[in-house]
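Quick notes on the structure that follows.
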Amino acid sequence: MRRKKSLMPKVVGVFFVLVLLGFIACTAGVLFFMSPAAQVGQTEKVEVVSGATARGIAADLEEQGLIRNKLIFDLLCRYYQVDSTLKVGVYQISPAMSMQEIIDVLKAGPKVERVSVSIPEGFRVDQIIDKLVESGFGDQQGFYDAAEAVSVEKFAFLKEVPATIVEPGNRLEGFLFPDTYLFDKNMAPQQVLEMMLVRFETELTDEVKQKLAARDMSVFEWAIKASVVEREALVDVERPLVASVFENRLKKGMKFESCATVEYVLKENKPFLTYEDIKINSLYNTYIYEGLPPGPIACPGKKSFEAALDPADTKYLFFCAKGDGTQVFAETNAEHERNRARYVN
């Protein structure tokens, strides 16, 4: 009798062929889904917020048409431990990128685009906000809301600002330090303002604090005096002289009579004030009210802060603009009137 050939080898062979075909099909499918969702495509912004997960990002990417399959992308993210390296920020993702390329971008972190903004010395807060808005950071209302939201616990010197400073942004007047900043393009208004306040804090060195204590001057008073010096003096070498005039007037109980404080109310700079201007009923009008104005009138620069802390030792009580950016100083009213007659009238 002939022995029947066993079917087992054939069955096993067919099984392995089917497994191989299945493996090839699965591999091809996975490779297809891992490939770019499109050959070309516009780069899209994908924001990763605090607490975001790879699964959530996968869903967003699929919805935006940037990947072919969220499940495979999620599995790849788990394999590469993307969840543990996710950084908050805005990522630029293109549908022409493969899943592997997208994962590499996520692991590398967002590319920070920085914008350089120069804040001039002597700008008011409203002028600074206008410049920041023009530079692409939020809107005016957002900045004014952020100014009110700044924590006095984080910036203790703001505790000295009285509640009577009620105009939008006024509580930060004098403290947004003029400098050239490199801001992250995606910074929120509050982050921008806080960066400038941190810059101001760097000026509050131990030496400065000791000098303020020796003069019994608060940081708020320092900012007020420096702001007046900033707006009255155009030449650095004259800032200590201008500071000395206001210190001497304070000691004698004389009114400041600063044109710059009136201009703060007018919200404009004028070559000369009119008699109507100096009659404006405002606590900032130092032609009417004695002592310091109720708050800073601008954001002073370093030289003005230094002058307000270390005024020159003079007997000057007056100064008059010569018309060329410099001042002429006087100890008496008679001398001052002669200077006015020469340079103003």
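Overview of results
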read-out: Per residue, in Å², the accessible surface of the range 273-319 once ligands and nucleic acids are set aside, probe 1.4 Å; value: 50 Å²
read-out: Cα shape, the range 101-197, gyration tensor, a/c 1.5 rule; value: prolate
read-out: Accessible surface, 1.4 Å probe, highest first, among residues THR261, THR314; value: THR314, THR261
read-out: Two-site label geometry, GLU153 and LYS185: point separation in nm, points 7 Å out along Cα→Cβ; value: 3.5 nm
read-out: List ARG239, ARG68, ARG342, ARG171, ordered by accessible area with a 1.4 Å probe, largest first; value: ARG342, ARG68, ARG171, ARG239
read-out: Three-way shape call for the range 247-326 based on the alpha-carbon gyration tensor, with the a/c threshold at 1.5; value: rounded
read-out: Where the range 78-154 is the region considered: accessible area per residue in Å², 1.4 Å probe; value: 54 Å²
read-out: Test item: Cα-centred dipole of the chain, Lys/Arg +1 and Asp/Glu -1 on Cβ, debye; value: 2340 debye
read-out: Highest average packing first - 81-94, 54-67, Cβ atoms within 10 Å; value: 54-67, 81-94
read-out: Rounded percent of accessible protein surface that carbon and sulfur make up, the range 119-192, 1.4 Å probe; value: 48 percent
read-out: Exceeding the 19 Å Cα-Cα cut-off - candidates LYS45/LYS87; LYS131/LYS225; LYS70/LYS107; LYS225/LYS303; value: LYS131/LYS225
read-out: Option label - mean projected area of the Cα convex hull in nm² computed here, alternatives [x] 20.6; [y] 29.4; [z] 26.7; value: [z]
read-out: Sum of -39500 (n - 2.57) over DSSP H runs of 4+, divided by residues of the chain (222 nm, nearest 500); value: -14000 deg cm²/dmol
read-out: Percent carbon-and-sulfur accessible area, the range 196-345, ignoring ligands, DNA and RNA, probe 1.4 Å; value: 50 percent
read-out: Spin-label pair LEU71/GLU203, simplified geometry with 7 Å Cα→Cβ offset, distance in nm; value: 6.2 nm
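The values are calculated or read from the model by the stated rules, or taken from the named source; none is laboratory data. Predicted model, so just to flag it, every value in this text is computed and none were measured. All Cβ positions, even for glycine, are placed from backbone atoms using ideal geometry, and neighbour counts span all protein chains on display. Keep in mind that these areas ignore ligands, DNA and RNA; they rest on the heavy atoms of the full protein, side chains included. Shrake-Rupley method; radii C 1.70, N 1.55, O 1.52, S 1.80 Å.
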